[in-house]
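Structure record follows, encoded as structure tokens.
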Amino acid sequence: MSGSNANRELYAGVDAHKYVNAAPHLKHRRLLEFHISLIGSVYSAAVRNSEEVRVLDLGAGEGSCTYRFLQLGARVTAVDVSEHQLEHLQVQCKPFSHNLELWHDDVWDALIHLGRYDVVVANSFLHHVEDYLELIRRTLVHIEARGQLFSFQDPLRYDTMSNASYLFSNMSYFAWRIFQGNLWQGLHTRIRRLRGVYVPGSKEDDAEYHVTRNGVDQAAICSLLESNGFECELIPYFSTESAIFQNLGSRFDLPNTFALIGRRG
């Protein structure tokens, strides 16, 4: 199963409430505020270089990031492989429909037809892409001379995390699983993945590439951007589903996730 098909199958029928319940950056107030503040920073930098800020949101999902940019005054093109998710995005963003363009398509195919933008967004998305470095490379031609690439909510490469961060992240995941009522399923899946066992054709494994491929390589992304004339700001932070562990992980500074802002020129 290709990554695009796996993502389509895994997320096509997921309602917004269920997605938010599993998305730390949407359900935890401090992470949400952090996310919004970074969006504001990216937009503020963009508006200094363009009277009309154009944003491309790749893997836009239910529209949390699209909505924030529209709220600030940007024009947004939102691309997603899930028609169900885009339908929710359209409803959520209805007040800004005059500034919104929807693309129901695989991002690889959509990029062939799209133009240039002041900001390209990958929000909780790169870890669903098998060759995320190649996707970023293809995205660069769509970023204006003084444009930005903004990514958020991707797992740090596992072997760059401290032992404390790695162990605490796994402990928090299992604690959350207990309260979801599917602990044994979660244990079985996580142990298999920790052993490096990947199941080809599994929509869960094919859509969540990071779990069998050592997270997302933040250093490689920064190196790619810098070699193409970008200044790269990497922002590590802690993120997990459990509210209790979220507070603890943030308090003790145990980063396991990153945001990234690449600014060209």
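Which ones in the stretch 53-76 are farther than 17 Å from ALA259 by Cβ and out of contact with any strand residue (DSSP E or B) (no Cβ under 6 Å at 6 or more places or on another chain)?
Those that are farther than 17 Å from ALA259 by Cβ and out of contact with any strand residue (DSSP E or B) (no Cβ under 6 Å at 6 or more places or on another chain): GLU62, GLY63, TYR67, GLN71, LEU72, GLY73.
When the residues of the stretch 251-265 are filtered to those that are under 22 Å from PHE125 (Cα atoms) and either of a type in the set (Lys, Arg) or in a helix (DSSP H, G or I) (or both), which remaining residue is modelled with the highest pLDDT?
Once the filter is applied, the top-ranked residue is ARG263.
List pairs: first residue in the stretch 93-106 and under 12 Å from GLU83 (Cβ atoms) and acidic (Asp, Glu), second residue exposed (fewer than 14 other Cβ atoms within 10 Å of the Cβ) and modelled with pLDDT of 95 or more anywhere in the structure, Cβ distance under 9 angstrom, at least six positions apart or on different chains.
Every condition considered, the pairs that remain are ASP105/HIS113.
Answer with yes or no whether HIS35 is in contact with a Gly (Cβ under 7 Å, 6 or more places away or on another chain) and either closer than 22 Å to CYS232 by Cβ or of a type outside the set (Gly, Ala, Ser) (or both). So that I can check it myself, show each step before the final result.
Values: in contact with a Gly (Cβ under 7 Å, 6 or more places away or on another chain): no; either closer than 22 Å to CYS232 by Cβ or of a type outside the set (Gly, Ala, Ser) (or both): yes.
No: the conditions fail for HIS35.
Counting only residues that are free of Cβ contacts under 8 Å to residues at least 40 places away in the same chain and acidic (Asp, Glu), which one in the stretch 37-83 is farthest from ILE136 (Cα to Cα)?
GLU51
If you go through the stretch 78-88 one residue at a time, do you hit one that is under 18 Å from GLY59 (Cα atoms), surrounded by 14 or more Cβ atoms within 10 Å (Cβ to Cβ) and touching a Ser or Thr at 6+ places or on another chain (Cβ under 8 Å)?
Yes, the stretch 78-88 contains at least one residue that is under 18 Å from GLY59 (Cα atoms), surrounded by 14 or more Cβ atoms within 10 Å (Cβ to Cβ) and touching a Ser or Thr at 6+ places or on another chain (Cβ under 8 Å).
Given the residues VAL120, VAL141, which is the only one that is more than 14 Å from PHE238 (Cα to Cα) and surrounded by 21 or more Cβ atoms within 10 Å (Cβ to Cβ)? If you could, list the steps in order and put the result at the bottom.
Values: VAL141 fails: surrounded by 21 or more Cβ atoms within 10 Å (Cβ to Cβ).
Every option except VAL120 fails the conditions.
I'd like the full set of residues that are among the polar types (S, T, N, Q) and at pLDDT below 70, limited to the stretch 193-231.
Looking only at the stretch 193-231, we keep the residues that are among the polar types (S, T, N, Q), and these are 202, 212, 214, 218, 223, 227-228.
The answer is SER202, THR212.
Test each condition in (1) in contact with an Asp or Glu (Cβ under 9 Å, 6 or more places away or on another chain); (2) farther than 20 Å from TYR67 by Cα; (3) in contact (Cβ under 8 Å) with a residue 12 or more places away in the chain for TYR158 and report the one that comes out false.
Unmet condition: (1).
The values are calculated or read from the model by the stated rules, or taken from the named source; none is laboratory data. Worth saying up front: this structure is predicted, and the values here are computed from it rather than measured. Note that each Cβ is placed from the backbone with ideal geometry, even for glycine, and that neighbours are counted across all protein chains shown.
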